Amino acid sequence: MAVFKAKKIFKKNRGKKVVKRIILTFNKLYFTHKTVPLKPIKDQYPDGTRNILFGEDDLDEVEFLKDIFATIEPAYNLQFINNGKKLITTLEQLPDKLLPCLIVLDYNMPELTGAEILKVLQQNPRYKAIPKIIWSTSGSEHYKKLCFESGANDYFIKPSSIADLEAIARHLLSYCSV
């Protein structure tokens with residue numbers, strides 16, 4: 001029997017509180033796949049905090065990701081940028097010691113797509129060691145091929161369930177392990 005707690009998110013509609021969504025948090029995890037154990041690189045991030053950069057423009061997905069990562073591994077600092085050009089600018093302004101251990105890109109973003117961002121990052125050796133993941137609503141083989149040719153390490157289709165999102169989040173965290 002799974003033990004969970006429900007968190008209701010409300011919004012106001014004509015002065016009345018209406019449930020916008022319900023987030024279920026499971027206390028017992030059930031997985032049928034293996035994940036890589038998490039082993040943070042302590043010398044790169046002396047305070048124990050590691051950075052993951054997300055290119056995501058959907059606010060609901062941002063909230064889901066924040067909740068899932070906070071539950072799984074709260075030591076990671078998630079930074080969300082909703083625009084491809086801003087993401088590139090942000091990366092360029094970061095000092096080397098604060099570069100993210102992982103970059104996760106939505107394929108469809110304003111100003112630059114995930115594939116276009118990958119091409120820009122591929123031209124700069126500073127970002128070569130950072131794993132780059134695309135996650136998209138599209139399972140198109142054309143998009144997948146384009147992203148892998150542009151430097152993506154992995155490609156995920158956005159999940160439709162919390163359990164699948166949690167499994168993907170654990171897999172993403174494995175890219176930040178030694």
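Sorting 142, 171 from the fewest to the most surrounding beta carbons within 10 angstrom yields 142, 171. Net charge near residue 122, counting Lys/Arg +1 and Asp/Glu -1 over other residues with Cβ under 12 Å of its Cβ? So the environment of residue 122 carries a net charge of +2.
Across the range 102-178, Cα pairs under 8 Å and at least six residues apart give a relative contact order of 31 percent.
Using θ = phi - 60° in the Karplus curve 6.51 cos²θ - 1.76 cosθ + 1.60, the 3J(HN,Hα) couplings for the range 107-113 round to 5, 9, 10, x, 6, 9, 6 Hz; x is entered for Gly and Pro.
Less than 5 angstrom separates the built amide H of residue 157 from those of 136, all sequence-distant by 5 or more or on a different chain. Residue exposure proxy: 106, 154, ordered by other Cβ atoms within 10 angstrom of their Cβ from fewest to most, comes out as 154, 106. Overall dimensions of the range 37-174, expressed as equivalent-ellipsoid semi-axes from the Cα gyration tensor (√(5λ), whole Å, largest first), are 21, 19, 14. In a DSSP loop and with at most 15 other Cβ atoms within 10 Å, the trypsin sites (Lys or Arg not before Pro) in the range 113-168 are 128. Can you give the FRET efficiency for residue 99 and residue 57, using 1/(1 + (r/R0)^6), R0 = 35 Å, r = Cβ-Cβ distance, to the nearest 0.05? Approximately 0.95, to the nearest 0.05.
Values quoted throughout were computed directly from the atomic coordinates according to the rules given, and no laboratory measurement underlies them. Worth saying up front: this structure is predicted, and the values here are computed from it rather than measured. Cβ sites come from the backbone with ideal geometry, for glycine too, and all protein chains shown count toward neighbours.
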